[in-house]
Amino acid sequence: MWLWIALGTLLVAVVLFFKFQGFRKFVFLTVLAVLLGIVLGPPTYVVLEEHTARTAADNREHVHYFGWQINPLGPTSAKHARVGIYDPENKIFRRLDQAQAAQVALPFVPPPGNSIWLHLWWWIFPAVYLGYWLLKRAPIVNLFGFATRRKELREALERAEAENTVWAFENVIKRGNQFRLKPKKTILAAEEGRRQVFAKYHRRLQLLEKASATAAQLITTNGQDQIQQQGHNRALAANRDFYRMLRELLNLRAASTQRGLPMDVSLAEGWYTTDTTFNNPTSHGSLSAHAHASAEEAAAYWRKSISDTVTLEQVYQAFTDQTESMAAMAERFKADNAQTAKVVGQYREFVTNYLRSHLPEANVGSATYLATQHFNQKLFLQLASPTREGAYRRSFTKHLRADVVRLVTSFFPEETYSDQGCELFDESTNSSTAGLKFSIMLIPFSRRYSGEPTVGAQMVATDQYGSLLWERRLGTVSVPVDKKISSDAFGRLEAALLLKNSIQSPLSPSGKPQQVSAAQKRRLMDELNDAAKEVAKGTGEDIVLELINEALAGNAGSALQQYTGAIEADMDALYELAFEAATDMMLAGLSFLAGDD
């Protein structure tokens with residue numbers, strides 16, 4: 001039994017030895033302690049020359065000495081020592097049995113030397129373990145490999161200076177701070193390099209900010225259609241504020257060693273209605289409440305501005321009396337969404353003819369539009385589904401923070417030029433600083449046959465003090481319903497589309513943006529950074545005007561168009577990847593929200 005226990009223990013020790021580095025260190029230190037104990041510990045036995053025994057053999061006399069075999073754990077005590085006889089010729093110590101020892105009555109004599117060394121076996125093992133632990137932490141240990149490690153750190157600094165990215169300099173700083181004797185000169189050089197990279201990014205964003213502001217002035221002087229001009233100016237103003245927000249994020253990132261995006265990303269509770277200019281958003285707790293409020297608002301406006309004798313309810317009732325109930329229509333729409341546009345068109349035609357006999361011809365057009373909006377809201381009430389409403393919101397928020405991070409980091413592509421590079425921001429929460437707040441208010445415009453809305457949005461970003469940094473109002477986006485995708489994915493896909501649209505402006509490329517190769521991105525970044533340097537010096541006004549005019553003229557080679565196009569292409573790639581995943585999950589019979597419920 002004991003044999004099996006010993007073999008099992010040995011097997012476990014072998015496994016631990018080869019699997020765990022810490023256990024190997026423990027074994028090596030233990031062996032070292034044993035060797036030191038053998039060399040420095042108490043002697044094995046003490047021989048007393050004055051106590052001898054003589055024997056005769058081979059016609060001559062042999063002298064033997066009595067002595068004590070020492071117990072290394074108690075070298076100064078006779079309790080555990082054993083009496084024996086020593087043969088100097090053969091260097092053999094033979095222990096005597098108890099009877100022989102009692103007959104000899106040998107007095108105990110402890111080994112000579114300091115008691116600390118005599119009791120070495122009591123403290124040698126913890127001393128070796130403790131000594132190793134202290135030695136690892138002693139500054140002098142760094143001297144053994146300092147020259148080599150310092151050379152490697154200098155080489156890492158040279159690579160960081162060549163790559164000129166935040167992550168490369170931060171890697172040097174992190175490695176340098178791990179030295180016991182810190183190479184301050186190298187660390188300071190890396191910190192300065194890191195500051196210069198952030199300064200470069202700031203200059204580039206200032207260039208884009210100035211380009212948006214200047215482009216708004218140029219568009220104003222070009223005498224475009226007033227409504228279109230106002231839309232362009234709002235987009236350019238939003239872009240200007242967006243770049244300003246990015247610079248605030250850069251400041252927070254520069255003050256922290258954490259890569260987590262210093263921004264709280266959230267979806268505002270409720271569903272919102274706005275006025276015709278997207279101002280004064282009002283929240284509603286559900287899509288049903290939103291549709292009911294919109295219908296009531298249309299009815300109130302009708303009574304005030306169209307007619308107080310013919311009501312919207314009368315028009316609506318007249319149509320359903322001739323056709324079918326709204327509930328029956330909604331059931332048909334759920335089976336065939338294409339019927340929606342057909343019935344709405346029929347209603348518009350009916351209303352036009354109906355109102356011509358009740359209202360002046362000049363009011364028929366605006367009244368028909370208002371009546372159609374009222375009809376749509378009635379239809380939306382029938383299509384409302386609290387279950388699908390909740391699923392849409394969960395789908396929208398499922399990857400929202402990751403998508404915002406993707407959008408922000410797309411403005412700093414240099415950070416991932418290298419295979420070992422890291423994005424400037426990641427999805428983790430930055431706990432070292434109070435961050436910005438980014439919120440999206442969803443504005444429903446229509447419904448799908450399955451109950452999910454199609455939405456526009458109002459995006460708002462504020463600083464840590466609550467001051468507005470950026471605001472963007474976006475019209476409806478909609479994922480095609482004829483595609484074979486899970487309805488649970490609509491929210492996630494439309495979140496990606498809204499984020500992409502949030503950075504579009506007259507300086508963006510027309511049509512679908514094209515992916516830009518790594519080499520093209522490098523040349524593009526160099527061109528913009530050079531221009532940004534000139535603007536920072538106050539000598540780059542002509543450069544800015546040239547960049548803007550090329551972009552407004554639709555020149556595909558414009559640096560501004562290529563830059564914004566590359567970012568939009570990244571967001572398109574994100575959307576297409578999510579679309580493909582939703583398609584695959586639909587084919588596999590899986591929900592996009594698997595695991596959320």
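Just a few scattered comments:
- Within a straight-line Cα-Cα reach of under 13 Å, Lys500 can be paired with the following aspartates and glutamates, leaving aside sequence neighbours fewer than 8 residues apart in one chain: Asp403, Glu568, Asp570, Asp572, Glu576.
- If you take the alpha carbon atoms of segment 311-437 and fit the smallest convex hull around them, that volume is 224 Å³ per residue.
- Distance between the pseudo-spin-label points of Lys512 and Thr454 (7 Å out from Cα toward the beta carbon): 1.9 nm.
- Here the gap between Glu297 and Lys25, fully extended at 0.36 nm per residue and compared with their Cα-Cα distance, gives a gain of 90.1 nm.
- Reported to the nearest whole Å, the Cα centre-to-centre distance from segment 245-297 to segment 95-132 is 80.
- Taking amide H positions as modeled 1.01 Å from N, with prolines and chain starts lacking one, the residues under 5 Å from Leu469 and 5 or more places away or on another chain are Ala461, Thr462, Asp463.
- Taking a straight Cα-Cα cut-off under 16 Å and skipping sequence neighbours fewer than 8 places away in the same chain, the aspartates and glutamates within cross-link reach of Lys342 are Glu324, Glu331.
- For Lys378, a cut-off of 13 angstrom between C-alpha atoms picks up these aspartates and glutamates, skipping any fewer than 8 places away in its own chain: Glu296, Glu297, Glu313.
- Of all accessible heavy-atom area on segment 41-126, the percent that carbon and sulfur account for (1.4 Å): 53 percent
The values are calculated or read from the model by the stated rules, or taken from the named source; none is laboratory data. Predicted model only: the values in this text are computed from it and were never measured. For neighbour counting, all protein chains shown are included, and Cβ atoms are generated from backbone atoms with ideal geometry for every residue, glycine included. Quick note on the areas: whole protein, heavy atoms, side chains included, nothing else; ligands and nucleic acids left out. Shrake-Rupley method; radii C 1.70, N 1.55, O 1.52, S 1.80 Å.
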